[in-house]
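Enquirer: Structure incoming, see below.
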Amino acid sequence: MNIRFRKCFFMCLSCFMAIIMILPVSVSEAKDSGVHPVSKSAHGLHSVKGAVTYYVDPSGDDRADGKSPRTAWKTLEKASSVSLHPGDRLLLKAGGVWNDENLTVQNARGTRKRPILVGSYGKGKKPVINGNGGNWSWKRKEELAAVHVLNSAYITIENLEVTNLDGTDVLKQSGKYLSGIIVENRDAGELSHVTVRNNVVHQVNGKMSGGGNKDVGGIIISVTGNSVKSWYNNLNIIGNDVYDVCHEGIYMSSSWGGRELVQAGTSGWVGSKNVLIRQNYVHHIAGDGIVIINTENALADYNLVDHAASEDWDYSSNPAHAALWMWDANNVTIQFNEVSHTGQPEHDGMAFDFDYGTQNSLYQYNYSHDNAGGFLMVCPSPSGYSVNNVARYNVSYNDGGRIIRTGGIHSGGIQIYNNTMYWEKPAKAVEEGNWGGNKSDGIEIFNNLFYGPTSTFGKNPGVEYYNNNVFGGGEAAYSTTGDPAAVVADPGFLDKSRVTAGKYLNGKVVLGTAEGLKLHRNSPLIGAGTRQPNAPSYQNDTILNDLVPTDITKAKVDYYGNPVRHGEKHTIGAFEGKKTGGRH
């Protein structure tokens with residue numbers, strides 16, 4: 001991807017948001033352009049020749065033909081009964097409210113030139129679907145969603161407001177696995193070009209559980225069944241506002257996850273391809289914010305995740321959540337996101353996590369702050385491997401608990417470098433976890449800036465530290481014997497208080513900044529780092545058949561958009577400055 005300079009991103013954000021989303025675009029296309037076009041609302045589009053537009057209005061009549069605003073249908077039950085064909089549109093009236101109903105769209109197969117649209121028409125607020133706890137006939141938990149899109153392709157679901165509240169208190173979990181929007185592929189093979197965009201999903205109090213029932217909550221992408229290997233190709237989740245939901249915010253799941261990397265499942269592994277998760281505002285979530293599962297080449301960027309793993313809910317039935325992470329996936333890139341105020345630090349509670357089953361994945365250019373469980377976890381386990389993953393050029397500000405957490409058997413080829421981590425309250429800089437009775441292995445931590453009070457840098461032969469900067473209260477805990485190239489000195493921030501938090505303004509994500517963590521021109525960290533290696537390539541015989549080539553290449557720019565020069569020593573931290581010239 002042609003990485004935008006971060007500074008330019010903020011200057012151009014308004015223009016960027018205005019043009020985002022015209023047609024579904026593959027991840028590879030998005031990486032090339034850096035822009036994902038956005039479509040006009042449905043009422044501004046012309047229908048496709050030969051296709052049918054169906055209208056639904058709470059004041060309508062199900063005995064009518066539904067083919068004009070004047071002859072609109074009344075109920076979602078009637079709307080759910082229609083078969084949608086290439087180019088068809090199913091439109092709900094803006095400002096309309098449907099209570100105690102759900103919308104089901106199934107076997108709707110558009111084409112590249114004749115996609116199907118489910119959205120709104122007319123002027124006013126988004127049409128509202130209030131599922132009110134799923135009091136309709138259902139057999140599987142996916143059918144409890146207020147909006148359920150089953151076995152459909154070349155389709156867009158947009159501009160809806162969706163709730164599914166059982167009772168009156170969103171903090172009181174239902175006994176049912178409720179969701180807002182579920183997009184499901186059930187034994188349908190490959191389904192291409194599915195887009196969920198510009199929706200508001202909130203007030204969903206589904207039952208929190210672990211294992212195979214975690215996939216409920218706000219927007220859920222679910223691959224189910226066991227007779228036909230199935231996946232999505234070109235799946236786009238863009239511009240949604242998801243809040244006050246239980247269990248998960250945006251979450252993926254698949255029944256086709258079995259492989260040695262996770263040491264589980266007998267179905268065989270297949271991943272969804274070209275998944276794009278962009279510019280979503282996910283906040284005040286009982287469980288995880290955004291989780292990418294069973295994918296190849298997924299990209300998550302420009303998302304704002306705030307107050308995931310919220311402690312307002314009773315999370316005792318599944319007490320391990322993080323904000324933005326991946327599991328059982330290949331070549332995931334998570335960049336240009338902001339994560340803040342993640343709770344539940346007893347087990348996890350951090351911004352980011354390389355969970356097990358993950359390989360060749362990358363966190364870069366992300367801003368993490370005020371997360372109770374820290375910045376980053378590397379989470380292999382006795383049940384699976386986390387290998388050949390890289391975290392670089394990220395900024396962590398006032399994260400807590402433990403800044404980095406490593407642990408468990410089965411890690412290898414993990415590189416954590418050129419990150420800036422600043423915190424004010426005592427925390428563990430690097431916590432060495434020990435789940436499964438084994439300590440982590442194959443982790444390199446180098447060229448990082450650690451600034452804050454700590455007594456803990458986890459020590460075991462499987463974690464290697466070199467060329468790091470330590471200051472602000474952790475000097476005595478860090479072994480300069482193990483890292484003779486360490487810089488134990490004030491890094492020389494421009495103004496460590498000059499940071500801002502992201503916002504959601506007028507339906508747009510505006511990311512925060514950490515300009516004050518740039519370095520003065522005379523910082524001792526400039527040129528004090530080591531050269532960066534190539535992408536990791538760990539392997540062993542157990543997982544050899546699961547390993548795939550990496551997409552990770554050397555970084556072209558730092559967190560702030562400055563060029564990274566790979567023929568020379570690097571600056572320590574996320575800012576690559578020069579020894580000459582003015583202040584950066």
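The values are calculated or read from the model by the stated rules, or taken from the named source; none is laboratory data. Being a predicted model, the structure only gives us computed values, none of them experimental. When we count neighbours, we look across all protein chains shown, and the Cβ atoms used for this are built from the backbone with ideal geometry, even at glycine. With ligands, DNA and RNA removed, areas are computed over all heavy atoms of the protein, side chains included. Shrake-Rupley method; radii C 1.70, N 1.55, O 1.52, S 1.80 Å.
Enquirer: When you go through (1) over 22 Å from residue 505 (Cα atoms); (2) open to solvent by less than 10 Å² (accessible area, probe 1.4 Å); (3) outside any strand (DSSP E or B) one by one for residue 342, which number turns out not to apply?
Expert: For residue 342, the exception is condition (1).
Enquirer: Could I ask something else about it? Restricting to the stretch 416-457, give me the number of residues that are farther than 30 Å from residue 382 by Cα and open to solvent by 40 Å² or more (accessible area, probe 1.4 Å).
Expert: Qualifying residue count, the stretch 416-457: 3.
Enquirer: Take residues that are of a type outside the set (Ser, Thr, Tyr) and tell me which of the strands (runs of 3 or more DSSP E) falling wholly in the stretch 345-426 contain 2 or more.
Expert: Strands (runs of 3 or more DSSP E) meeting the threshold: 352-355, 362-364, 376-379, 386-392, 402-406, 411-417.
Enquirer: Restricted to the stretch 500-518, and to residues that are assigned to a loop (DSSP other than H, G, I, E, B), at pLDDT 95 or above and open to solvent by 40 Å² or more (accessible area, probe 1.4 Å), which residue is nearest to residue 338 (Cα to Cα)?
Expert: Of everything passing the filter in the stretch 500-518, 501 is nearest to residue 338 (Cα to Cα).
Enquirer: Okay, next question. Would you confirm whether any residue within the stretch 96-115 is buried (at least 16 other Cβ atoms within 10 Å of the Cβ), out of contact with any helix residue (DSSP H, G or I) (no Cβ under 8 Å at 6 or more places or on another chain), in a strand (DSSP E or B) and of a type outside the set (Lys, Arg)?
Expert: no
Enquirer: How many residues, within the stretch 143-193, are free of Cβ contacts under 8 Å to residues at least 60 places away in the same chain and in contact with a Cys (Cβ under 9 Å, 6 or more places away or on another chain)?
Expert: Going through the stretch 143-193 one residue at a time, the tally reaches 2.
Enquirer: Considering each of 217, 289 in turn, give the residue that is crowded, with 24+ Cβ neighbours inside 10 Å, under 11 Å from the mean Cα position of the chain (by Cα) and more than 27 Å from residue 553 (Cβ to Cβ).
Expert: The match here is 289.
Enquirer: Specify which of the listed residues (401, 384, 373, 357) is open to solvent by 10 Å² or more (accessible area, probe 1.4 Å) and either touching a residue at least 40 places away in the same chain (Cβ under 8 Å) or closer than 19 Å to residue 422 by Cα (or both).
Expert: So the residue among 401, 384, 373, 357 that is open to solvent by 10 Å² or more (accessible area, probe 1.4 Å) and either touching a residue at least 40 places away in the same chain (Cβ under 8 Å) or closer than 19 Å to residue 422 by Cα (or both) is 401.
Enquirer: Step by step: first the residues of the stretch 469-499, then only those that are outside any loop (DSSP other than H, G, I, E, B) and free of Cβ contacts under 8 Å to residues at least 60 places away in the same chain, then the one that is surrounded by the most Cβ atoms within 10 Å (Cβ to Cβ). Which residue is that?
Expert: That would be 470.
Enquirer: Across the stretch 534-553, what is the number of residues that are open to solvent by less than 60 Å² (accessible area, probe 1.4 Å) and either aromatic (Phe, Trp, Tyr) or within 27 Å of the chain's Cα centre (by Cα) (or both)?
Expert: Of the residues in the stretch 534-553, 8 are open to solvent by less than 60 Å² (accessible area, probe 1.4 Å) and either aromatic (Phe, Trp, Tyr) or within 27 Å of the chain's Cα centre (by Cα) (or both).
Enquirer: Okay, moving on. Within the stretch 174-190, take every residue that is under 11 Å from residue 152 (Cβ atoms) and hydrophobic (A, V, I, L, M, F, W, C) and give me the one that is most open to solvent (accessible area, probe 1.4 Å).
Expert: If we take residues in the stretch 174-190 being under 11 Å from residue 152 (Cβ atoms) and hydrophobic (A, V, I, L, M, F, W, C), then 188 is most open to solvent (accessible area, probe 1.4 Å).
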